[in-house]
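The values are calculated or read from the model by the stated rules, or taken from the named source; none is laboratory data. All of these numbers come straight from a predicted model, not from anything done at the bench. In this analysis, Cβ positions are derived from the backbone assuming ideal geometry, glycine residues included, and neighbour counts consider all displayed protein chains.
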Amino acid sequence: MVGDMNAHGRIASSTPGRLRLRMYHPKSQPELMRRVKTYLNGRPGIQYVDANHATGSVTIRYDTAKHSHDSVLAMLHDIGVIMRNVMASGGCGLPDTNQCSLAIQITNVISEIDRHIFQTTGGKIDLKIIIPLALGALGIRQILREGVRISDVPGCILLWYAVDVFYRLHQEPQKT
């Protein structure tokens, strides 16, 4: 248990593999935030934890094959951190729960496609490679078809997106 009494907070957002929490009264509990981060970082299937005691924000990335949203919350509960789910029932914090459930369904479908591609290719190719390559190919095609044409720039934009997406998808989360 962290401290003498339970710590409380709310779920700010939740998508498969990512949970963002807001702690109540974080500035008076910097040790709590450090303990949450230390405890979760030591758990199998927890990929990344960022705890900012100044804002009270805790971001947790976890392996959906090993954990569910509820199992991560249960780990927090084990150390005396209790989270309230004050979000819309769709789970993404948007006012329209139909949009929330649609966003979660789309995320789940894309994750499943990515997992299938990764398994089919023996771990050599995934969507992190396919999407930038596709954007790059479209950019090159557009430039070859219409030239660079600075006034229009769609080919250059697609190439920029290809490089940017590749960089962002292969960037390791910064640990503090």
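List every residue pair whose Cβ atoms lie under 6 Å apart, where the two residues are 6 or more positions apart in sequence or sit on different chains, the first residue falls within the range 54-67 and is modelled with pLDDT of 90 or more, and the second residue, located anywhere, is of a type in the set (Asp, Glu). As it stands, the answer is Thr59/Asp50, since those pairs meet every condition given. Scanning the range 43-64 for residues that are crowded, with 19+ Cβ neighbours inside 10 Å and assigned to a loop (DSSP other than H, G, I, E, B) returns His53, Gly56. If the condition is being modelled with pLDDT of 70 or more and crowded, with 17+ Cβ neighbours inside 10 Å, then the range 81-102 contributes Val81, Met83.
Restricting attention to the range 23-42, the residues that are exposed (fewer than 15 other Cβ atoms within 10 Å of the Cβ) and of a type outside the set (Ser, Thr, Tyr) total 7.
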